[in-house]
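Here is the structure we will look at.
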Amino acid sequence: EGAGIGMALVSTTGRIMRTNANLQKMLGYTDAECSQLTFMDITSPEDLAKDQALYNELVEGKRDSYQLEKRYIRKDGSVIWGHLTVSIVKGTDGKMEYAVGMVEDITEHKRTQDTLGLTQERLQAILDHSPALFYLKNLEGRYLLTNRLFNEKYHRAGASMIGTSMRELF
């Protein structure tokens, strides 16, 4: 109950048996409401097949745990991102009794990643239309960013430049 992340106990059929306060807060459900759901009910359709396949491997004994970044559907219909770690709890017979799911809310991290990706795409578009050669290197002298004109001059694709040094280029 006192864990700093969301936690759930999940049956072999995927039914949510118990949740802690952090997961309830994340998803907007009470523990009683969660116990009427399966993990499939709160998983975004885009991520469901992958999550189900991994969970089935747990149930079949092909793995003991897995991790996955996935989207959760909250009670109000909004979507959050979570980093999920699932581990099994075995009985005395060595078979899975239930799974423990641990969820860290990574929604803000994902939004930041998306924003940075858009910013980098915009910067690349601006630099690619520049009439000058442009590159950006790190302190070790490795290329972090090059523009289209620079890549054309050295007959290299932009992606192949990233991480290389001047020595490797020539």
(message) Under 10 Å, Cα contacts only: if you run a Gaussian network model on the chain, which one of ALA53, ALA32, ALA132 comes out with the highest mean-square fluctuation?
(response) ALA132
(request) Would you work out the relative contact order for the chain, in percent, from Cα pairs under 8 angstrom that are 6 or more residues apart? (result) 16 percent
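Taking all protein chains as present, what is the carbon and sulfur share of the accessible area of the chain, in % to the nearest whole number, probe 1.4 Å?
54 percent
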(message) Please check: in the Gaussian network model of the chain (C-alpha springs, under 10 Å), which one of TYR66, TYR143, TYR55 has the largest mean-square fluctuation.
(response) TYR143
(request) Please sort by residue number the GluC sites (Glu not before Pro) in segment 33-140 whose DSSP state is loop and whose Cβ has at most 16 other Cβ atoms within 10 Å. (result) GLU60, GLU140
(message) Pick from ARG111, ARG156, ARG63 the residue whose mean-square fluctuation is largest in a GNM of the chain, springs joining Cα atoms under 10 Å.
(response) ARG156
(message) At 1.4 Å probe radius, can you tell me the per residue accessible area of segment 18-154 in Å²?
(response) 61 Å²
(message) Through the Karplus equation 6.51 cos²θ - 1.76 cosθ + 1.60, θ set to phi - 60°, convert the phi angles of segment 10-23 into ³J(HN,Hα) values in whole Hz; use x for Gly and Pro.
(response) 10, 6, 5, 8, x, 6, 7, 8, 7, 9, 9, 4, 5, 5
(message) For a Förster distance of 25 Å, can you work out the FRET efficiency between the beta-carbons of ASP76 and LYS50, rounded to the nearest 0.05?
(response) 0.55
(message) If you take log10 I(q)/I(0) by the Debye sum over Cα atoms at q = 0.13, 0.16, 0.17, 0.20 Å⁻¹ from the coordinates, which of (1) -0.79, -0.94, -0.99, -1.14; (2) -0.54, -0.84, -0.96, -1.35; (3) -0.73, -0.86, -0.92, -1.20 do you get?
(response) (3)
(request) Indicate, rounded to the nearest 5 percent, the antiparallel portion of the DSSP beta bridges found entirely in the chain. (result) 100 percent
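Restricting to DSSP H runs of at least four residues, report the calculated mean residue ellipticity at 222 nm for the chain, -39500 (n - 2.57) per run over all residues, nearest 500 deg cm²/dmol.
Details: 7 runs with 62 residues, N = 170.
When only DSSP H runs of four or more count, the value is -10000 deg cm²/dmol.
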(message) Between segment 67-141 and segment 1-16, how far is it from one alpha carbon centroid to the other, in angstrom?
(response) 21 Å
(message) Distance cut-off 21 Å, Cα to Cα: go down the list LYS110/LYS137; LYS25/LYS70; LYS25/LYS62 and report the pairs above it.
(response) LYS110/LYS137; LYS25/LYS62
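Residue separation times 0.36 nm, minus the C-alpha to C-alpha distance between GLU60 and ILE126: what's the value?
Working: separation 66, 0.36 × 66 = 23.76 nm, distance 5.17 nm.
Gain on stretching GLU60 to ILE126: 18.6 nm.
The values are calculated or read from the model by the stated rules, or taken from the named source; none is laboratory data. Keep in mind that what you see is a predicted model, and the values were worked out from it rather than measured. Every residue, glycine as well, gets a Cβ built from its backbone with ideal geometry; the counts of neighbours run over all protein chains shown. Surface areas here come from the heavy atoms of the whole protein model, side chains and all, with no ligands, DNA or RNA. Shrake-Rupley method; radii C 1.70, N 1.55, O 1.52, S 1.80 Å.
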